[in-house]
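Only one structure is covered here, and it is reproduced in the block below.
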2 protein chains.
Amino acid sequence: MATNTKERILDAAEELFADRGFPSTSMRDITQGADANIAAVNYHFGSKEALLLAVLKRRIEPVNQARVARLDELESSAGDQPISTEELVRTFLTPVFETWQEHGGAAPKYMKLLGRIHAEVDQDLRTKFIQETGAVLERFATAFERGLPALDASEVRWRVLFLVGSMAYTMTWGTALLEVGDQARRDSEQVLETLIQYTTAGMTVPSTASVVAADREAR
Amino acid sequence: MATNTKERILDAAEELFADRGFPSTSMRDITQGADANIAAVNYHFGSKEALLLAVLKRRIEPVNQARVARLDELESSAGDQPISTEELVRTFLTPVFETWQEHGGAAPKYMKLLGRIHAEVDQDLRTKFIQETGAVLERFATAFERGLPALDASEVRWRVLFLVGSMAYTMTWGTALLEVGDQARRDSEQVLETLIQYTTAGMTVPSTASVVAADREAR
DNA sequence: GTATGATTTAAATGGACGTTTCAATAAGAG
DNA sequence: CTCTTATTGAAACGTCCATTTAAATCATAC
């Protein structure tokens, strides 16, 4: 357990938010889990909502920084060549799974938290979260467009939505699959690779319009 | 507005649960939205949780019945031939988007609700929800296996997880994309087709193991 | 030592929560 | 009509909530 109260609160809140969700976790749950006084959250963070933002920021910021840093690297070394779709997918997905590894356990709590946050928080709170990630997503969407000139901007963005959905859902519930040790067991590195292959195939499939047209032709 | 209280409560609860989530919606919100007395929910449903289950059941049951009915049909007409992956994807995804259409509006509330429920409710509640859908998922997973003999059971189930993730995320947030009318606009029929093509490509990609092996070979 | 600011503590605040009670009303059967 | 059951209404129940207060304790500097 962390030595200072502020970090103990962050740790406890992260675990509880991940397990039960934000609205269902009480300040009393958090401070009890952190072995702190009930007033400590408001003293250190100001409010319950500000605590959630702090919890999220601690995890998301490094992930998004890693994503953007690697994308910068890729783009500068590629010159005016488009970056391959698989590399983009890999660059986007890897950082979040790396932190999964770093935190040791088979099912770190904050993965579930990140997955949860995609569906749970109210519009206002989600907006704050999205601002952090939205700009990153838009950068990747633009990079995808360059490598997929047959697709219009709209289709690329829908596919990015599918990508994020698979990722978030895997973060939330994949840990359960990893844990139960049933027929779906496989370690997180392999899951990441499976997700990358799956997503790359989806991203690079011919445009819906062209598939529909070909289908019409065949009749 | 529905004439009888029970249905008015279901309608109001569906909308509120979809917009704010289950824990953040109060009985007072619901009964006020349904123009009913605060005691009406407990009288008609027994508890707030039982109301949520009723709300979910009303929407999920027909969707899952349609999925299974069409799968039965496909399997009986296919004899001992495996069903094509695209057809399976289409059969799984179409019913939920059809009800999207049926309910007219561009962004029916219960789509958001269904998406939400994948991440929000606590473990117990989710278990009840999953029992409804889990058996259906397993039937589809088995059918996918037959058409994808190169994949082991584990990889098929991970890919099904990705599929469900894209679907749930699209249900939750796709409506927002549809609504805002930005560059990602496209009608729900086209979104479904885009998702089907994307997912089919992901499901049919060579196994991760073989890709990794080929990659090693190439070095 | 004393003084100063940061942190922790225990207690209380007012409000919102899900649920229950029980009387009032409505609906349908004989 | 009367009797019976189903539904609604207003009010209250006890509990838990996030937050605030103000005193107590700790840490550090002088």
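Going through segment B:8-63 one residue at a time, which ones are basic (Lys, Arg) and farther than 19 Å from B:TRP173 by Cα?
Once the filter is applied, which keeps residues that are basic (Lys, Arg) and farther than 19 Å from B:TRP173 by Cα, segment B:8-63 yields B:ARG8, B:ARG28, B:LYS48, B:LYS57, B:ARG58.
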Complete set of residues in segment B:145-169 that are more than 15 Å from B:THR200 (Cβ to Cβ) and touching a Gly at 6+ places or on another chain (Cβ under 8 Å): B:TRP158, B:LEU161, B:GLY165, B:ALA168, B:TYR169
Failed item, numbered, when B:PHE17 is tested on (1) within 16 Å of DNA strand D (Cβ to nearest atom); (2) at pLDDT below 95: (1)
Meets criteria (within 24 Å of the chain's Cα centre (by Cα), within 13 Å of DNA strand C (Cβ to nearest atom), more than 14 Å from chain A (Cβ to nearest Cβ) and crowded, with 18+ Cβ neighbours inside 10 Å) for B:ALA13: yes
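Counting only residues that are assigned to a helix (DSSP H, G or I) and either modelled with pLDDT of 75 or more or among the basic types (Lys, Arg) (or both), how many does segment A:175-208 have?
Step one: list which residues in segment A:175-208 are assigned to a helix (DSSP H, G or I), which gives A:175-180, A:188-204, A:208.
Those still in the list that are either modelled with pLDDT of 75 or more or among the basic types (Lys, Arg) (or both) too: A:188-204, A:208.
Number of matching residues: 18.
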Failed criterion for A:THR94 (all others in (1) part of a helix (DSSP H, G or I); (2) within 15 Å of DNA strand D (Cβ to nearest atom); (3) of a type in the set (Ser, Thr, Tyr) hold): (2)
The listed residue being part of a helix (DSSP H, G or I) and farther than 19 Å from A:MET167 by Cβ, out of A:GLU75, A:GLU61: A:GLU75
Test: residue in segment A:83-91 that is surrounded by fewer than 17 Cβ atoms within 10 Å (Cβ to Cβ) and modelled with pLDDT under 95: no
Scope segment B:43-65; condition surrounded by fewer than 15 Cβ atoms within 10 Å (Cβ to Cβ) and within 12 Å of DNA strand C (Cβ to nearest atom); matching residues: B:TYR43, B:GLY46, B:SER47, B:ALA50
Subset tally (residues that are among the hydrophobic types (A, V, I, L, M, F, W, C), touching a residue at least 40 places away in the same chain (Cβ under 8 Å) and assigned to a helix (DSSP H, G or I)) for segment B:11-54: 7
Selection count where residues are surrounded by fewer than 18 Cβ atoms within 10 Å (Cβ to Cβ) and of a type in the set (Phe, Trp, Tyr), scope segment B:18-34: 0
Residue in segment A:67-90 that is away from DNA strand D (no atom under 14 Å from the Cβ), in contact with a helix residue (DSSP H, G or I) (Cβ under 8 Å, 6 or more places away or on another chain) and within 19 Å of A:TRP173 (Cα to Cα) present: no
Unmet requirement for A:ARG8, which otherwise passes all of (1) of a type outside the set (A, V, I, L, M, F, W, C); (2) crowded, with 17+ Cβ neighbours inside 10 Å; (3) closer than 27 Å to A:MET167 by Cβ; (4) at pLDDT 90 or above: (3)
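The values are calculated or read from the model by the stated rules, or taken from the named source; none is laboratory data. Computed from a prediction, not measured in an experiment: that's the story for all the values here. Ideal geometry is used to build each Cβ from the backbone, glycine not excepted, and the neighbour counts take in all protein chains shown.
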